[in-house]
Structure formats: structure tokens, C-alpha cells
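The values are calculated or read from the model by the stated rules, or taken from the named source; none is laboratory data. All of these numbers come straight from a predicted model, not from anything done at the bench. Quick reminder, even Gly has a Cβ in these numbers, built from the backbone with ideal geometry, and neighbours come from all protein chains shown.
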Amino acid sequence: MLPKLNPGVRLDELAQCIQGHVHGDGDVLLTGVASLEQAEAGDLVFVTDSSLSSLARQSHASAFIISQAVEDESRPQLITPNPLYAFALLTQRYFLPSIARHGIADTVVKGHDVRIGPDTSIGAFVTLGDRVQLGARVTLYPGVVIGHDVVIGDDSILYPNVIVLDGCQIGARVIVQCGSVIGSDGFGYVEHQGRHQKIPQLGSVVIEDDVELGANVTVDRATFGFTTIKRGTKVDNQVQIAHNVHIGEDCILVAQVGIAGSTTVGHHVLIGGQAGLTDHLTIGDQAKIAAGSGVSRSVKAGKAVGGSMAFDYTSWLKVQALIQRLPEMRKEIQELKAKLADREATQ
Amino acid sequence: MLPKLNPGVRLDELAQCIQGHVHGDGDVLLTGVASLEQAEAGDLVFVTDSSLSSLARQSHASAFIISQAVEDESRPQLITPNPLYAFALLTQRYFLPSIARHGIADTVVKGHDVRIGPDTSIGAFVTLGDRVQLGARVTLYPGVVIGHDVVIGDDSILYPNVIVLDGCQIGARVIVQCGSVIGSDGFGYVEHQGRHQKIPQLGSVVIEDDVELGANVTVDRATFGFTTIKRGTKVDNQVQIAHNVHIGEDCILVAQVGIAGSTTVGHHVLIGGQAGLTDHLTIGDQAKIAAGSGVSRSVKAGKAVGGSMAFDYTSWLKVQALIQRLPEMRKEIQELKAKLADREATQ
Amino acid sequence: MLPKLNPGVRLDELAQCIQGHVHGDGDVLLTGVASLEQAEAGDLVFVTDSSLSSLARQSHASAFIISQAVEDESRPQLITPNPLYAFALLTQRYFLPSIARHGIADTVVKGHDVRIGPDTSIGAFVTLGDRVQLGARVTLYPGVVIGHDVVIGDDSILYPNVIVLDGCQIGARVIVQCGSVIGSDGFGYVEHQGRHQKIPQLGSVVIEDDVELGANVTVDRATFGFTTIKRGTKVDNQVQIAHNVHIGEDCILVAQVGIAGSTTVGHHVLIGGQAGLTDHLTIGDQAKIAAGSGVSRSVKAGKAVGGSMAFDYTSWLKVQALIQRLPEMRKEIQELKAKLADREATQ
């Protein structure tokens, strides 16, 4: 799929880049990356085990990234403690084609006092509101809509049809996949005589550096102040983040998670797919929430929770196992009752 | 965040607008609204308790909206039974900048026989199909796509990239947040020799006055007739409403709810986040469905249900509590069995 | 809603098209289709029962499609084993207005080496990347964004704001409803010193012939190779399909389903709404997964599963019934204990 490098890069250079070392011929020229199955001559592949599977041995790859040298393999090996990490870095740096910079398309509509950094790429039919500030090397794909007073940091990439509404702030190296919405109104109403009066949503959204949002994600603006997603957090497709939610650094939110208003999530929290968190909770640092959980109580730092009331993960696993035996348990209770009745009758 | 009013509005005038009364100096000029924490001199804030918390007392606000006068506070207070409601109304009327009306952008593409009311604002790259009718003061943000024969009532606001397909009708004062889709085909197929033949979806969608839809919501058109959302209902982000669903007045549907085909929901129904309703159900007026529920049976008017089979809410709470004790229950049963066996052996 | 045919089509001709036969007057001219309730003179309707309900008898329809002739009805009947299937086919062929072909709108932006088949219709503000290939009679609605090297087969329809990113392949007669995203990056990171490094997603997506995707669906590109959806599978709104997922032929995925990375789904699998499947599972052919299930284990061909751990469907139904009796079970156990204690005390 990827175009091949020509003439390619020496394995020694790759090793230097990631501070690994080469076992075998460091002069081999690598022209691409691939999976074990699809590798061709010239390709670099990574191996997650410390041994070489038969799949790896049969691969046509020209070099391996691996955590320990395998002696009986004649092809060169790049030794590094975390081969997948090295692979990701090297692919990003050497093998991915850099994004073509076409400047600003003719069909871009701009408000007044817009500031655009150097080497940006702004696609067709993009709308930029008044006083928008784009950093250096920002990429906006076709159909992106940016509201007034939005700030976007250096090297950020917004894929087609992403929307960032008025006053929201996006850091550097942020990636937002297609169709995501940042800064829609929070869902706030006050009841009056049986009708719901909209509470104006006066705040905005801050997305810090190195965050990635998946496709069709929604992040609501705060009622007052900010909804925040801190540095390095990664959010999968179709996640919903309500107003005044705060998400700490380096979290992972898997697809279709929903987080209700004013809930605060610590750093390095892992939230499995389709989990739902109710409002005004505090999820401690490094907590883990199992996929599909319904969390309606705060979770302490470091705890792992799961299940529809999201209690302790270990108990939950036991309960999940036992739920399947409920019919059997019921039968046992009935047998016990019968036995007792029987003995009482015969005594 | 909001621009300040200049010179500001007198507290007496605000009180008159909401039929409240002023405790203290009614001549104070208010220039903005804020939260307690962020308030500056000139700001009006609301207090939900009838007492003033220390947070409120430390606030730099110039006036409070509160339900009962607090005597030992020297700053003026606007007394009204529902302070949040009053705050919402006053913010909307006095403090929110009115939407700038730029008329019709050069890049709008229109079909034939389009009728556009006065004081509308149509952003860049909007597409209007044939015979579209837009009421007065309608706002269409950039990238909105409107199909043929769509009618949109006065004062409605469609945020960027909202899509309303052929023949759908939108009432007055409707708000649709970014990326939502109204009138996509219902999910209907008939099996024939192991393949799924699409059933044409010939109906459309009616959204009544004062409805709000969140971001990335989907509302499918009916197979025949209409999918309807009645007056005043508020729908949060990423909700899915299938074909031929009917939703009554003044309901609240929290984020990521899914409602399957032909289900009818009464008025003033509350559906918690991520709840799912199967098809052809009837949910009675003022019913409440807990977040995360899976509802596969109809629910009577006024009932509160929850849980994965959505049974009675009170039973569900008990069950949820007991589920955590299943391992303990199992142990108890085994002890009982052992005791009985033991006694039988020794008798 | 639909325009009427003028002069209409003879019932005999319709019968011939679907190889049915006519009971009664085959010369009647049909000018439209409708539901029983809404039918007017000239309309053809379908009846799913083999008898005519009072609703059907009161209908103003001019002819019925039905599986068995009803003798005491004077209006003509078109007899066919699967009336809904016949209705779907006839509606598609005779009564739906064909999509107007307007050619390529002035505002379309094209890359280089784009190939566009005959009789295509490309709406306003569509962007086509380099080397895009569109088959014959392809319809792209306004706001569609097509990346580089995308191939789209004959007669496919992409509704407004659909996005297909670089290198993805779409078959013939594929329908994609509004706002869906094909080819967003898979959610892959590798942890290094507490931070998440993005793993480049180098693969793409293949959507085969006759697939339909609902609105706001997301389908991620593979890390290597392809994410695939095979011929004839139908996917409802807001479904999330992760990287390297493979879905077989003729499946049905109801709204808001989420399928995690590398899971393989067989053919004719039915997945109910809001169900979630974890990663690296194998779901056998013709399996059925109940709505709302959380599936974390592979499922054998032909099996029906349900529940939060998605165990066997029959056990699950039993468990669901018993869960409601947990409070009662607990009481029984306590009574048993008391009885035993009592007897021990009195012996």
C-alpha cells in the first residue's frame, strides 16, 4: 500500500534513531514496512515474541525488529526492548509519506483577523471563523468548519468534516478523525411548568497537546469554564464527552464510551468500549473500567471495576461466573427445602 | 468568555422581566453573567441553595439570583422561586450576543423554487434542494445540507454539517447541533433466498417546535408516514431514533440512547444515557428509564424501570445490591448442604 | 409523498415482473404504493397475513399483494409467497422516482487522474482526491469527501457528508447513509514510558457489493491489510467497526453495535442493537447475538447468545428471569438457615 523508499534507509541508521543495536548486517537497505504475512524483500517487520515463529521465518522480510537476538536466523535483526514501539517510531519517521502541503485551497472561506502559521495545508470548502489562529504545519482536510476565536496548535491534523466551534482551543500535534464535533452545547435544561428551558452553555473546550480523537466523537462545551482533555489522552470513535468533564493525561477511552456531565477522570485511566459513566463522579488515576460497564459511583485511584454497577473487578468476575449458575443455585435451594420438609414430616 | 454589556442592565429591569423582586439595591448595573468561581465585578450569578455558601460569599459577583433573601449579605439579590430558570431566561435575553445575521453566503447552492424568510443567516457551502422553505430568522451554519421539499420553521438553528433529507419538516425554534442527520433511510430489509432486499423507506420525519437535537444524532425516516419528535423534547448527542418511532412532548433523551423501530414514547418521559429500547414498545407518559437499561417490554405511564431487562426500578435496585452478594449466597447454600449431610450422617 | 405514476402500470405487468399471478382483474392500473392506512385509489399495498384484516378491507387501495387469494374480496390480488419482498422489488422498480442525474456540479473539486463513469451524479462541494475511480451511475450527494486512490463501483450511492479516506474500496450497489466515515485510523497505540505512541495504520477498508451502511457509522482502516465488510451485509446507524475486523456476507448489524479490533464475523450473523464484541473473537456463521449483549468469547456457528457475558441464549433467558427473584432466593436461604439453627437449638 505504502510507496517504497528509494533507495531506502540503512538498518544501522534505523538502529541509531531508536538507540537499538543491530545483530547481523547493518548495511542492509530497508525500503518499506509490512506485516509478517505481507512482507516483501526490502521490508522491515516487527516481532513481538522474543522467538521467531514459523510465520516470521517464512516471511519475505529483509530485517526484523525484535527484543532478543535469535541466533539461527541469518537475516539482520534490530534489537530493542519494545519492538512495536520502535516499529511505530521508525514507520512514522522514515516510511510514512509526509502529508502533502498544498497551502490554502481557493475555496476556503475565512473570517477577519485570521492568523495562519507557515506550511499549513487547508483543503477545499473549509470555513474559518473570525480571529482563528492556526499554528505551523496545521492540516485541515476538506469540509472542516472552524468557529470564531478558535486556536489550533502546531502540527495538528483535522480530518474531513471535523467541526470546532467558537472559542475552543486545540493544542499541538492533536489528531481529530473525521466527523468529530468539538464544542457543541452541553445538555443542560431547567424545568419550568413542565417544559425544559435551555441553560445557555457559556464555556468552551480545551484539548491539550498530543490528544487524538477518533471519528464521530462529540465533546460538549462547558456550561461555564472548560471541558478539558489533557495531554496525551487517546479517544476512540463515537465517544461522547459531556459538558464540564475533565479527563486527565494519557488516558485511553475505547469506542462508544459515554461520560456524563462534570465527571472528572484522572490520568492513565483506561475505559473499555461502550462503558458509561454517570455525572459528577471522580475516577482516580490509573483506574481501569471494563468494557460495557455502567459506572454510577466514583472509583478510587488504581482500582479496576466492571459490571453494570461497576463494583470491584475481581468480585465482578466471580459474579459473572455465578450468574450463569443461578438456575442451578435455585434448584439447590429447592432441594434443601424439600429435604428439610421431608425430615420434619418423618421425625 | 462572553463580551460584557456596555453600559449594562439594571437589576430592577431584570427582576421585572422574570417577575421577581429585588432585595437590596435595584439600580446596580449588571454587565455579564458567570459562575460563582469566575464572577467579576458587574456579573450576575445564580445560587441554587436558599443559603449562601462560602463559595458564594467569596465570589466577586455584583448580584445574586436566589430563592430566598439572605439578610446578612449586603450585595443585592434577585428573589425568584427557580433561580436557575431565571438565570437561563435572563442570560438568553440580555447577555448572549445575538447571532450575527450575514444573510446568504456567496457560496450557497440553491435548487429551484426555494423560499427564504427574512433575516435568515446561511453560511458557506450550504446546499438547499428544490422547493425548500425557510422561515424567518433561520440560521444555517456552514456545510449544512438540506434536501428537496424540506420546511424549516422560524428561528430554528442548524449547526455545521447538519443534514436534513428530502421531505422532512422542522418546526420553529428547533436547535440541531453539529453533524446530526434527519431523514436517513430506516433500517428495513426483507429476506429472500438468504439475501436482504431493501424495503424502500417512503415516509419522512417531523420535528416539532422547540425540540433540540444534540450532535451526531440520527433520526431515520419512516417506512410509510412519519417518524415524529413532538414539541419541546430534548435529545442529547449520539442518540439513534429509528423509523416510525414517535416521541411525545417534553421528553429528555440522554446521550447514546437507541430506540428501535415503531416504538412510541409518551410525553415527559426521561430516558437515561445509553439506554436501549427494542421495537414496537409503548412507553407511557412520564415514565423514567434508568441509564444503561435494556428495555424489551412496554412500560406503563409513570413507572420507573431499570436494568438489563428493565424491570421495576425498586426491584432492580435490590437485585443490583444482591448481585454483588451472589458469591456469598452460593457459599451459604453449600454450607447448608454440608450441615444437612453431616447431620444425616451422624443421626 | 411519492409522485404518482401517470398513466400507471397494469397489475398483470407487475405480476409478471415478480413471477406472481393475479386473482381478479389484471388490467387495473396502479399509480402508486402506500400503507394500508394511507392508500388511495390507484395504490398497490401489501398484506403480510394470508387473510385480510379489517384494516385491509377498509383500505382505499386498488390492489393487494398477498400470499393466498382471499375469495370474498372483489379487488384484484397479486399472489406471491413473500408479499413484502414483492412489494419491495416492485416499489424499487416501478414506483420510486429514479435519482435525478445532474452530472457533475460546478463546485466539485477534483484531484488529478480522476476517472468518472457514465451517468454519475456528483453534488455540490464534493471533493475527489487523486486517482479516484467512480463506476457508472454512481451518486455522490453534497459534501461527500473522497480521498486519494479510492475506487467506487457501479450504482453506489453516498449520501451527504459521507467520507471515504485514501485507498479504500467500495463495491457496486453500495449505499452509505449520511455522515458515515470509511477509513479513519484504527485505534492502535503502544505504551512507552507511560505515554501512548500511535501505531501507524497502514491498511485500508474493503466494502463489497450490495452492502448498506447507515448514518454516522465508522469503519476504521486496518493496521496492515484490510478491514472488510462482505457482500450483502447491512449495517444500521452509529455502528462502530474497528481495524482489521472482518464481517462476512449477508449479516445484519443493528444500530449502535461496536466491534473491537481483529474480530471476525461469519456470514448471515445477526447482531442486535447496542451489542458490543471485544477484540480478536470469532463469531461463527449464522450466529445470533441478542441486543445489548457484551460478547467477550468467541461464538460457534449457529449459536444464539445474549447477556452481559453473552453466554448461551436459553440459559440467559432463564438467568434473566431468575435475577428478578434474587431477593426471594436470598430470603429462602435465610429461612433455611434459621430453620436449621432452630432445630439444632431444640434437639
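Mind listing just one residue for me: the one in region B:93-104 that is in contact with a strand residue (DSSP E or B) (Cβ under 6 Å, 6 or more places away or on another chain) and surrounded by fewer than 17 Cβ atoms within 10 Å (Cβ to Cβ) and, of those, modelled with the lowest pLDDT? So that I can check it myself, show each step before the final result.
Kept after step one, since they are in contact with a strand residue (DSSP E or B) (Cβ under 6 Å, 6 or more places away or on another chain), are these residues of region B:93-104: B:94-95, B:99, B:101-102, B:104.
If we keep only those that are surrounded by fewer than 17 Cβ atoms within 10 Å (Cβ to Cβ) as well, we get B:99, B:101-102, B:104.
Values: B:ILE99: 71, B:ARG101: 74, B:HIS102: 77, B:ILE104: 95.
Top of the filtered list is B:ILE99.
Yes/no matrix, rows are residues, columns are (1) among the β-branched types (Val, Ile, Thr); (2) at pLDDT 85 or above:
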site	(1), (2)
B:ALA304	no, yes
B:ILE323	yes, no
B:GLU328	no, no
B:LYS339	no, no
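Please find, within region C:95-112, the residue that is farthest from the other protein chains (Cβ to nearest Cβ) out of those that are outside any strand (DSSP E or B) and charged (D, E, K, R). Steps first, please.
As a first pass, look at region C:95-112 and keep what is outside any strand (DSSP E or B): C:95-102, C:105-108, C:111-112.
Of the ones still in play, those that are also charged (D, E, K, R) are C:101, C:106.
On the way: C:ARG101: 15, C:ASP106: 9 Å.
In this case the residue turns out to be C:ARG101.
Using the structure shown, decide if A:THR80 is modelled with pLDDT of 95 or more and hydroxyl-bearing (Ser, Thr, Tyr). Talk me through it step by step, then tell me what you get.
Numbers: modelled with pLDDT of 95 or more: yes; hydroxyl-bearing (Ser, Thr, Tyr): yes.
It is true that A:THR80 is modelled with pLDDT of 95 or more and hydroxyl-bearing (Ser, Thr, Tyr).
As an exercise: evaluate C:TRP316 against (1) within 30 Å of B:VAL190 (Cα to Cα); (2) facing chain A (nearest Cβ under 8 Å) and give the number of the one condition it does not meet.
Just one mismatch for C:TRP316, condition (2).
In this structure, does A:GLN334 turn out to be in a helix (DSSP H, G or I) and either closer than 22 Å to C:SER296 by Cα or in the same structural domain as A:LEU270 (by TED's automatic domain parsing) (or both)? Break it down into steps so the answer makes sense when it comes.
Numbers: in a helix (DSSP H, G or I): yes; either closer than 22 Å to C:SER296 by Cα or in the same structural domain as A:LEU270 (by TED's automatic domain parsing) (or both): no.
Here the answer is no, as A:GLN334 does not meet what is asked.
Residues of region C:266-318 being in contact with a helix residue (DSSP H, G or I) (Cβ under 8 Å, 6 or more places away or on another chain), in a loop (DSSP other than H, G, I, E, B) and among the hydroxyl-bearing types (Ser, Thr, Tyr), which ones?
Selection gives C:SER308 alone.
Could you list, in sequence order, the residues of region C:1-20 that are touching a residue at least 40 places away in the same chain (Cβ under 8 Å), surrounded by 14 or more Cβ atoms within 10 Å (Cβ to Cβ) and under 18 Å from C:ILE66 (Cβ atoms)? Even if it seems obvious, please write down each step before you answer.
Initially, region C:1-20 is screened for residues touching a residue at least 40 places away in the same chain (Cβ under 8 Å), giving C:2-3, C:5, C:9, C:11, C:14-15, C:17-20.
Now drop any that are not surrounded by 14 or more Cβ atoms within 10 Å (Cβ to Cβ), which leaves C:2, C:5, C:9, C:11, C:14-15, C:17-18, C:20.
Within region C:1-20, C:LEU11, C:LEU14, C:ALA15, C:CYS17, C:ILE18, C:GLY20 qualify.
Among the residues of region C:315-338, which ones are under 34 Å from the mean Cα position of the chain (by Cα) and either under 19 Å from B:VAL305 (Cα atoms) or among the small types (Gly, Ala, Ser) (or both)? If you could, list the steps in order and put the result at the bottom.
Taking region C:315-338 and keeping what is under 34 Å from the mean Cα position of the chain (by Cα), we get C:315-324.
If the condition is that a residue be under 34 Å from the mean Cα position of the chain (by Cα) and either under 19 Å from B:VAL305 (Cα atoms) or among the small types (Gly, Ala, Ser) (or both), then C:SER315, C:LEU317, C:VAL319, C:GLN320, C:ALA321, C:LEU322, C:ILE323, C:GLN324 are the ones that fit.
Of (1) farther than 29 Å from B:LYS234 by Cα; (2) free of Cβ contacts under 8 Å to residues at least 24 places away in the same chain; (3) buried (at least 21 other Cβ atoms within 10 Å of the Cβ), A:ILE146 satisfies all except one. Which?
It fails just one condition, (1).
Could you count how many residues in region C:62-90 are buried (at least 20 other Cβ atoms within 10 Å of the Cβ) and either acidic (Asp, Glu) or in contact with a Pro (Cβ under 6 Å, 6 or more places away or on another chain) (or both)?
Number satisfying all stated conditions: 3.
Output yes when any residue across region B:116-136 is within 13 Å of chain C (Cβ to nearest Cβ) and more than 30 Å from C:THR127 (Cβ to Cβ), and no when none is.
The answer is no; no qualifying residue exists.
Filter region A:22-44 for residues that are among the aliphatic types (A, V, I, L, M) and over 14 Å from A:LYS4 (Cα atoms); which is modelled with the lowest pLDDT?
Within region A:22-44, the subset among the aliphatic types (A, V, I, L, M) is A:22, A:28-30, A:33-34, A:36, A:39, A:41, A:44.
Subsequent filtering for residues that are over 14 Å from A:LYS4 (Cα atoms) retains A:22, A:28, A:36.
On the way: A:VAL22: 97, A:VAL28: 96, A:LEU36: 91.
Out of the qualifying residues, it is A:LEU36.
I need a count of the residues in region B:248-263 that are surrounded by fewer than 24 Cβ atoms within 10 Å (Cβ to Cβ) and over 20 Å from B:PHE226 (Cα atoms).
Total meeting the criteria: 1.
Of the conditions (1) under 13 Å from C:PRO142 (Cβ atoms); (2) of a type outside the set (Ser, Thr, Tyr); (3) in contact with a Ser or Thr (Cβ under 6 Å, 6 or more places away or on another chain), B:LEU134 fails just one. Which one is it?
Of everything listed in (1) under 13 Å from C:PRO142 (Cβ atoms); (2) of a type outside the set (Ser, Thr, Tyr); (3) in contact with a Ser or Thr (Cβ under 6 Å, 6 or more places away or on another chain), B:LEU134 misses just condition (1).
Among the numbered conditions (1) modelled with pLDDT of 95 or more; (2) within 21 Å of A:ALA215 (Cα to Cα), tell me where A:LYS110 comes up short.
(2)
Search region A:182-208 for residues being closer than 30 Å to C:VAL190 by Cα and surrounded by 23 or more Cβ atoms within 10 Å (Cβ to Cβ), and hand back the single one that is farthest from the other protein chains (Cβ to nearest Cβ). Lay out the reasoning, then the answer.
The first filter runs over region A:182-208 and keeps only residues closer than 30 Å to C:VAL190 by Cα, leaving A:182-183, A:205-208.
The next check asks that each one be surrounded by 23 or more Cβ atoms within 10 Å (Cβ to Cβ); those that pass are A:182-183, A:205, A:207.
Numbers: A:ILE182: 9, A:GLY183: 8, A:VAL205: 12, A:ILE207: 15 Å.
The extreme case among them is A:ILE207.
Out of the residues in region B:113-136 meeting the condition of being part of a loop (DSSP other than H, G, I, E, B) and among the charged types (D, E, K, R), tell me which one is surrounded by the fewest Cβ atoms within 10 Å (Cβ to Cβ).
In this case the residue turns out to be B:ASP113.
Within region B:36-58, is there a residue that is out of contact with any strand residue (DSSP E or B) (no Cβ under 8 Å at 6 or more places or on another chain) and under 30 Å from B:ASP155 (Cβ atoms)?
Yes.
Residues to consider are C:LEU90, C:LEU84, C:LEU158, C:LEU128; find the one that is touching a residue at least 60 places away in the same chain (Cβ under 8 Å) and not small (Gly, Ala, Ser).
On the way: C:LEU84 fails: touching a residue at least 60 places away in the same chain (Cβ under 8 Å); C:LEU158 fails: touching a residue at least 60 places away in the same chain (Cβ under 8 Å); C:LEU128 fails: touching a residue at least 60 places away in the same chain (Cβ under 8 Å).
Exactly one of C:LEU90, C:LEU84, C:LEU158, C:LEU128 is touching a residue at least 60 places away in the same chain (Cβ under 8 Å) and not small (Gly, Ala, Ser), namely C:LEU90.
Pull up region C:168-181, narrow it to residues that are crowded, with 21+ Cβ neighbours inside 10 Å and small (Gly, Ala, Ser), then point me to the one that is nearest to the other protein chains (Cβ to nearest Cβ).
Among those residues, the one meeting the criterion is C:GLY179.
Evaluate the following for A:ALA341: is it among the aliphatic types (A, V, I, L, M), more than 9 Å from every other protein chain (Cβ to nearest Cβ), assigned to a helix (DSSP H, G or I) and out of contact with any strand residue (DSSP E or B) (no Cβ under 8 Å at 6 or more places or on another chain)? Please lay out each step first, then the result.
On the way: among the aliphatic types (A, V, I, L, M): yes; more than 9 Å from every other protein chain (Cβ to nearest Cβ): yes; assigned to a helix (DSSP H, G or I): yes; out of contact with any strand residue (DSSP E or B) (no Cβ under 8 Å at 6 or more places or on another chain): yes.
In short, yes.
B:GLY284 passes all but one of (1) among the small types (Gly, Ala, Ser); (2) within 14 Å of chain A (Cβ to nearest Cβ); (3) under 21 Å from the mean Cα position of the chain (by Cα); which number fails?
If we test B:GLY284 against (1) among the small types (Gly, Ala, Ser); (2) within 14 Å of chain A (Cβ to nearest Cβ); (3) under 21 Å from the mean Cα position of the chain (by Cα), just (2) comes out false.
Condition first: part of a loop (DSSP other than H, G, I, E, B), of a type in the set (Ser, Thr, Tyr) and more than 12 Å from chain A (Cβ to nearest Cβ). Can you find one or more residues in region C:209-229 that meet it? Reasoning before the result, please.
Going through region C:209-229, the residues part of a loop (DSSP other than H, G, I, E, B) turn out to be C:209-211, C:214-217, C:221-225.
From what is left, the residues that are of a type in the set (Ser, Thr, Tyr) are C:223.
Checking which are more than 12 Å from chain A (Cβ to nearest Cβ) leaves us with none.
Checked region C:209-229: no residue is part of a loop (DSSP other than H, G, I, E, B), of a type in the set (Ser, Thr, Tyr) and more than 12 Å from chain A (Cβ to nearest Cβ).
Taking region A:137-175 as the search range and keeping residues that are of a type in the set (Ser, Thr, Tyr) and either part of a loop (DSSP other than H, G, I, E, B) or within 19 Å of the chain's Cα centre (by Cα) (or both), which one is nearest to A:GLY123 (Cα to Cα)? Lay out the reasoning, then the answer.
Going through region A:137-175, the residues of a type in the set (Ser, Thr, Tyr) turn out to be A:139, A:141, A:156, A:159.
From what's left, either part of a loop (DSSP other than H, G, I, E, B) or within 19 Å of the chain's Cα centre (by Cα) (or both): A:141, A:156, A:159.
On the way: A:TYR141: 5, A:SER156: 14, A:TYR159: 10 Å.
Among those that are of a type in the set (Ser, Thr, Tyr) and either part of a loop (DSSP other than H, G, I, E, B) or within 19 Å of the chain's Cα centre (by Cα) (or both), it is A:TYR141.
Mind checking which residues of region C:137-160 are within 14 Å of chain B (Cβ to nearest Cβ) and touching a Cys at 6+ places or on another chain (Cβ under 6 Å)? Break it down into steps so the answer makes sense when it comes.
In the first step, residues of region C:137-160 are kept if they are within 14 Å of chain B (Cβ to nearest Cβ); the result is C:139-145, C:155-160.
If the condition is that a residue be within 14 Å of chain B (Cβ to nearest Cβ) and touching a Cys at 6+ places or on another chain (Cβ under 6 Å), then C:TYR159, C:PRO160 are the ones that fit.
Exactly one of (1) in a helix (DSSP H, G or I); (2) among the polar types (S, T, N, Q); (3) within 14 Å of chain A (Cβ to nearest Cβ) is unmet by C:GLN92. Its number?
With respect to (1) in a helix (DSSP H, G or I); (2) among the polar types (S, T, N, Q); (3) within 14 Å of chain A (Cβ to nearest Cβ), C:GLN92 is out only on (3).
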